1. Any residue at all in the stretch 213-236 that's assigned to a strand (DSSP E or B), in contact with a Pro (Cβ under 6 Å, 6 or more places away or on another chain) and among the β-branched types (Val, Ile, Thr)?
2. So, of the residues in the stretch 64-103 that are within 18 Å of residue 34 (Cα to Cα) and of a type in the set (D, E, K, R), which turns out to be modelled with the lowest pLDDT?
3. Starting from residues that are within 16 Å of the chain's Cα centre (by Cα) and charged (D, E, K, R), keep the ones in the stretch 90-111 and report whichever is nearest to residue 149 (Cα to Cα).
4. Residue 225 passes all but one of (1) farther than 27 Å from residue 91 by Cβ; (2) under 16 Å from the mean Cα position of the chain (by Cα); which number fails?
5. May I ask you to verify whether residue 216 is on the phi < 0 side of the Ramachandran plot and out of contact with any Phe, Trp or Tyr (no Cβ under 9 Å at 6 or more places or on another chain)?
6. Within the stretch 146-156, can you find the residues that are surrounded by 13 or more Cβ atoms within 10 Å (Cβ to Cβ) and not in a helix (DSSP H, G or I)?
7. Which condition breaks for residue 137 when tested against (1) over 17 Å from the mean Cα position of the chain (by Cα); (2) surrounded by 15 or more Cβ atoms within 10 Å (Cβ to Cβ); (3) not acidic (Asp, Glu)?
8. Is there a residue being at pLDDT below 85 and acidic (Asp, Glu) anywhere in the stretch 29-36?
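The values are calculated or read from the model by the stated rules, or taken from the named source; none is laboratory data. Note that this is a predicted model, so its numbers are computed, not measured. Don't worry about glycine lacking a Cβ; one is built from the backbone with ideal geometry, like all the others, and counts go over all protein chains shown.
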Amino acid sequence: MLRLNRAVATGLVALLSGCTTDVDDSLSPLRVDASYQLHFDGALVGHAFFTLRTDSDGNYRIEAFTVPAGQMQRAADHEVLEVSEGRIEARQVRPSYFEHSVLNSDDVGAVRMQFDWPGAQLQLSGRDTEKQITLLPNTQDRLSYLLVARQLALGAADTRDLPIATPQVTDENRLQRLGESEIELPGGRLAAIEIQRLTPAAEERRSLWFSESRCALPLRIEHQTEKHLVDMVLEHCNPVAEGG
């Protein structure tokens with residue numbers, strides 16, 4: 001959060017134990033298109049456009065495209081695209097592929113992660129990076145963990161412990177269900193279920209809010225540091241049944 005452009009362009013968009021292989025029927029099949037406002041200390045600095053697709057076999061794909069606005073647009077002319085693909089099961093989410101791309105006016109830089117679950121290996125590749133590390137059980141990427149958080153919000157459990165991998169580091173996280181609260185959206189106030197995300201940075205607070213009826217993606221995501229508040233607030237959500 002020390003650099004405003006990275007805070008909005010990458011940090012926001014990021015903003016499961018179990019052995020069953022049953023498909024999670026609550027998200028299958030579905031296409032959801034959602035748009036968000038991105039704020040830094042209350043100022044509009046960007047927009048994010050998410051697409052979530054699932055099929056009857058439990059496969060998913062999430063795309064998140066972030067564009068700058070306001071002071072962010074003046075500070076840095078770049079856009080960010082993130083993609084996560086994998087499988088949703090009744091008690092776990094297993095990503096298979098994640099890509100993070102920064103699109104500048106004259107360049108495209110991309111880093112990728114491949115999840116080899118049978119071999120327990122995580123392959124990272126990019127312009128200057130090529131390495132393989134141990135894939136810890138229940139590891140998520142910066143988009144797939146949103147599906148885990150939704151499972152927790154709408155389920156009976158209170159917590160989920162999971163590593164979240166980025167091209168730089170894998171950190172242990174705990175998702176904790178705090179219950180229902182009211183949040184402010186551009187369209188008014190709405191009751192939603194709050195999920196707190198606990199990370200190794202104990203002085204920071206991260207929260208996500210979900211609604212079973214409003215959207216399969218988060219209604220709001222907040223990241224509060226000692227000095228700044230970064231948030232992503234839902235503007236529009238349009239669920240569309242596949243084939244409809």
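1. At the first step, the residues of the stretch 213-236 found to be assigned to a strand (DSSP E or B) are 215-224, 229-236.
Pick out the ones that are also in contact with a Pro (Cβ under 6 Å, 6 or more places away or on another chain) and you get 235.
Now drop any that are not among the β-branched types (Val, Ile, Thr), which leaves none.
No, because not a single residue in the stretch 213-236 is assigned to a strand (DSSP E or B), in contact with a Pro (Cβ under 6 Å, 6 or more places away or on another chain) and among the β-branched types (Val, Ile, Thr).
2. Taking the stretch 64-103 first, the residues within 18 Å of residue 34 (Cα to Cα) are 64-69, 79-85.
Within this subset, residues satisfying the condition of being of a type in the set (D, E, K, R) are 79, 82, 85.
Numbers: 79: 91, 82: 97, 85: 99.
Applying the filter and picking the extreme gives 79.
3. Narrowing the stretch 90-111 to residues within 16 Å of the chain's Cα centre (by Cα): 92-101.
In the following step, the residues that additionally are charged (D, E, K, R) were identified as 94, 99.
Working: 94: 13, 99: 20 Å.
Looking at residues that are within 16 Å of the chain's Cα centre (by Cα) and charged (D, E, K, R), I get 94.
4. Among (1) farther than 27 Å from residue 91 by Cβ; (2) under 16 Å from the mean Cα position of the chain (by Cα), residue 225 violates only (2).
5. Values: on the phi < 0 side of the Ramachandran plot: yes; out of contact with any Phe, Trp or Tyr (no Cβ under 9 Å at 6 or more places or on another chain): no.
Considered against the rule, which asks whether it is on the phi < 0 side of the Ramachandran plot and out of contact with any Phe, Trp or Tyr (no Cβ under 9 Å at 6 or more places or on another chain), residue 216 comes out as no.
6. To start, the set of residues in the stretch 146-156 that are surrounded by 13 or more Cβ atoms within 10 Å (Cβ to Cβ) comprises 146-155.
Passing the criteria: only 155.
7. (2)
8. Step one: list which residues in the stretch 29-36 are at pLDDT below 85, which gives none.
For the stretch 29-36, residues at pLDDT below 85 and acidic (Asp, Glu): absent.
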